[in-house]
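This report refers to the structure that appears directly beneath it.
The values are calculated or read from the model by the stated rules, or taken from the named source; none is laboratory data. Everything numeric in this text was worked out from a predicted model, so none of it was measured. In this analysis, Cβ positions are derived from the backbone assuming ideal geometry, glycine residues included, and neighbour counts consider all displayed protein chains. Just the protein is used for accessible areas: all its heavy atoms, side chains included, with ligands, DNA and RNA removed. Shrake-Rupley method; radii C 1.70, N 1.55, O 1.52, S 1.80 Å.
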Amino acid sequence: MSRADPLRARLTDAARLGALRARLRARAQQPAPRDGLPVLMQGHEVGVASPEVASFLASATPHFELVDYRLQLLDEGLDAARRSALLHDCAVRLRDAGLLRGWRDELLDIRPAPAAAPIATIERAACRTLGITTVAVHLNAFTSAGELIVARRALHKQIDPGLWDNLVGGMVPAGESEEQALQREAQEEAGLDLAPIALVRGGHVHVTRPVPEGFQSEIVQVFDTVLADDMELRNQDGEVAAIERRPVSLVLEAIERDEFTLESALVTLDALLRRAEGG
């Protein structure tokens, strides 16, 4: 084999992976519905709501009003805690009216921009109803031989039941850093202590698309690691049906058959492209 052959193979792999990522991105990066109303808090546009949700919040709660086809929280002069209290009341009313489902009792931060300080917290289930951007962390776990360790979502999961996923993945709740959230999720989903394990911070995956709950806007921070071959992995929270080690080729075939969640497929491709390009 000539010296050019390995390079040619890497470039071919990168081209195939890039084409697959482009196909998935077309599904993952969609605009908000044309009839969606921007949601404003503290003067910042932080989400998008359907006409039904916007009309309900403006008429059935004292906390929002419709101004120039925008849904505006009446929060002038309020600090983050008082703003959060208003939003909790709104979330409860939406739930009771059947406009919000899957209550989680988990608070997520609301930020006017990804790097900005939080201006409020809100019940996780309300984020898609109001199109509020969430932040998640996912972990690509490789074996020393280059296989991927993947997890199948439990059949009782509300979102994407039974699909394959990265070994670890979950939301970053209010009050946690990305690293803290990843550590907690790793323990819950795989019985894995990340403290002594080296992590590589990858890229970001931003998914924006209409979903049955409303509009999903989710930024996923990608992490990679290589786990020892004798590492014992066992789900702790009942949300994972199976954990398997698979050759990359089989993972890619499964992604092409849409057997992986959209987010996890893009997270996997982020790592594989960096490896194919020598990053």
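Checking the conditions here, which among L182, L227 is touching a Phe, Trp or Tyr at 6+ places or on another chain (Cβ under 9 Å) and over 24 Å from I132 (Cβ atoms)? Step by step, each of L182, L227 is checked, and only L227 is touching a Phe, Trp or Tyr at 6+ places or on another chain (Cβ under 9 Å) and over 24 Å from I132 (Cβ atoms).
In the stretch 73-103, how many are of a type in the set (D, E, K, R) and under 23 Å from the mean Cα position of the chain (by Cα)? The number of residues fulfilling the criteria is 2.
In contact with a His (Cβ under 9 Å, 6 or more places away or on another chain) and buried (at least 16 other Cβ atoms within 10 Å of the Cβ), is that true of L182? Lay out the reasoning, then the answer.
Values: in contact with a His (Cβ under 9 Å, 6 or more places away or on another chain): yes; buried (at least 16 other Cβ atoms within 10 Å of the Cβ): yes.
When the stated conditions are applied, L182 passes them.
Taking strands (runs of 3 or more DSSP E) that fall entirely within the stretch 128-225, which contain at least 1 residues that are over 25 Å from R245 (Cβ atoms) and either hydrophobic (A, V, I, L, M, F, W, C) or in contact with a Leu (Cβ under 7 Å, 6 or more places away or on another chain) (or both)? The strands (runs of 3 or more DSSP E) meeting that bar are 134-142, 168-171, 200-211. Screening V168, V150, V200 for residues that are modelled with pLDDT of 95 or more, within 25 Å of A115 (Cα to Cα) and open to solvent by less than 60 Å² (accessible area, probe 1.4 Å) leaves exactly one candidate, V168.
Selection of the stretch 243-275 for residues being open to solvent by 20 Å² or more (accessible area, probe 1.4 Å), of a type in the set (G, A, S) and either in contact (Cβ under 8 Å) with a residue 12 or more places away in the chain or within 24 Å of G170 (Cβ to Cβ) (or both) yields an empty set. In the stretch 32-84, what residues are aromatic (F, W, Y) and open to solvent by 70 Å² or more (accessible area, probe 1.4 Å)? Y69, the sole residue that qualifies. Of the residues making up the stretch 24-39, those that are over 7 Å from R209 (Cα atoms), not in a strand (DSSP E or B) and not basic (K, R) are L24, A26, P33, D35, G36. If the condition is being assigned to a loop (DSSP other than H, G, I, E, B), in contact (Cβ under 8 Å) with a residue 60 or more places away in the chain and surrounded by 13 or more Cβ atoms within 10 Å (Cβ to Cβ), then the stretch 226-239 contributes L227, L233, N235, E239.
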